[in-house]
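One structure below.
The values are calculated or read from the model by the stated rules, or taken from the named source; none is laboratory data. Since the structure is predicted, the reported quantities are computational estimates derived from the model, not experimental observations. Here Cβ is always computed from backbone atoms with ideal geometry, including for glycine, and neighbour counts include all displayed protein chains.
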Amino acid sequence: MREMVCINCPIGCNLKVYGDSEDSIRVEGNKCPRGEKYGRDEVLSPRRMVTSSIPLRKDEKTGIFEMVSVKTESAVPKGLIFQVLSEIKKVKLKAPVEVGDVILKNVSGTGIDVVATQKREQ
């Protein structure tokens with residue numbers, strides 16, 4: 001049995017999840033269907049959104065830069081988080097950057113893109 005708090009809504013149900021396979025999972029403590037899905041997914045295939053920031057060079061002469069926040073468009077498998085962050089760390093950006101611009105396509109072979117969450121101009 002695993003205990004966890006559902007994070008899908010503000011209620012924060014205390015879940016108890018029994019079993020570890022598709023056929024044997026039983027979730028208790030959820031007050032809505034989202035809690036049951038969260039408990040099942042968390043045991044069978046945990047996923048997380050990844051957020052980070054990437055330096056953006058503002059001035060080639062002075063080397064001045066600022067940071068641009070980025071995120072995965074959807075949750076990635078929890079076991080790939082550090083691999084995704086490693087790929088993000090390699091990126092170098094130049095202005096302009098718009099919110100929603102794809103910064104990394106298909107990060108770590110997940111089919112999920114990393115996108116900018118901030119606008120930066122020259």
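Yes or no, residue by residue, for (1) outside the structural domain of THR110 (by TED's automatic domain parsing); (2) closer than 21 Å to THR117 by Cβ; (3) of a type in the set (S, T, N, Q):
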residue	(1), (2), (3)
ILE7	yes, yes, no
CYS13	yes, no, no
SER24	yes, no, yes
SER69	no, yes, yes
VAL76	no, yes, no
SER86	no, yes, yes
PRO96	no, yes, no
From the options GLU66, GLU87, GLU73, residue that is of a type in the set (Asp, Glu), under 30 Å from PRO10 (Cβ atoms) and out of contact with any Cys (no Cβ under 7 Å at 6 or more places or on another chain) = GLU73
Tell me, yes or no, whether the range 46-60 has at least one residue that is more than 22 Å from LYS119 (Cα to Cα) and either assigned to a helix (DSSP H, G or I) or over 17 Å from the mean Cα position of the chain (by Cα) (or both).
-> no
For ASP23, work out the one condition from (1) more than 30 Å from PRO96 (Cβ to Cβ); (2) over 22 Å from the mean Cα position of the chain (by Cα); (3) surrounded by 14 or more Cβ atoms within 10 Å (Cβ to Cβ) it doesn't fulfil.
-> (3)
Within the range 63-113, which residues are of a type in the set (Phe, Trp, Tyr) and either part of a loop (DSSP other than H, G, I, E, B) or under 25 Å from PRO46 (Cβ atoms) (or both)?
-> PHE82
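Could you tell me whether GLU3 is over 28 Å from GLY109 (Cα atoms) and either touching a Pro at 6+ places or on another chain (Cβ under 7 Å) or surrounded by 15 or more Cβ atoms within 10 Å (Cβ to Cβ) (or both)?
no
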Hey, can you tell me all the residues within the range 32-45 that are surrounded by 13 or more Cβ atoms within 10 Å (Cβ to Cβ) and not aliphatic (A, V, I, L, M)?
-> CYS32, ARG34, GLY35, GLU36, LYS37, TYR38, GLY39, ARG40, ASP41, GLU42
How about the range 90-103: which of its residues are surrounded by 11 or more Cβ atoms within 10 Å (Cβ to Cβ) and in contact (Cβ under 8 Å) with a residue 24 or more places away in the chain?
-> VAL91, LEU93, LYS94, ALA95, PRO96, VAL97, ILE103
Inside the range 4-29, can you point out the residues that are part of a strand (DSSP E or B), closer than 19 Å to ARG48 by Cβ and in contact with a Lys or Arg (Cβ under 9 Å, 6 or more places away or on another chain)?
-> MET4, LEU15, VAL17
Among the residues of the range 22-60, count how many are of a type outside the set (Asp, Glu) and either in contact with a Leu (Cβ under 8 Å, 6 or more places away or on another chain) or on the phi > 0 side of the Ramachandran plot (or both).
-> 13
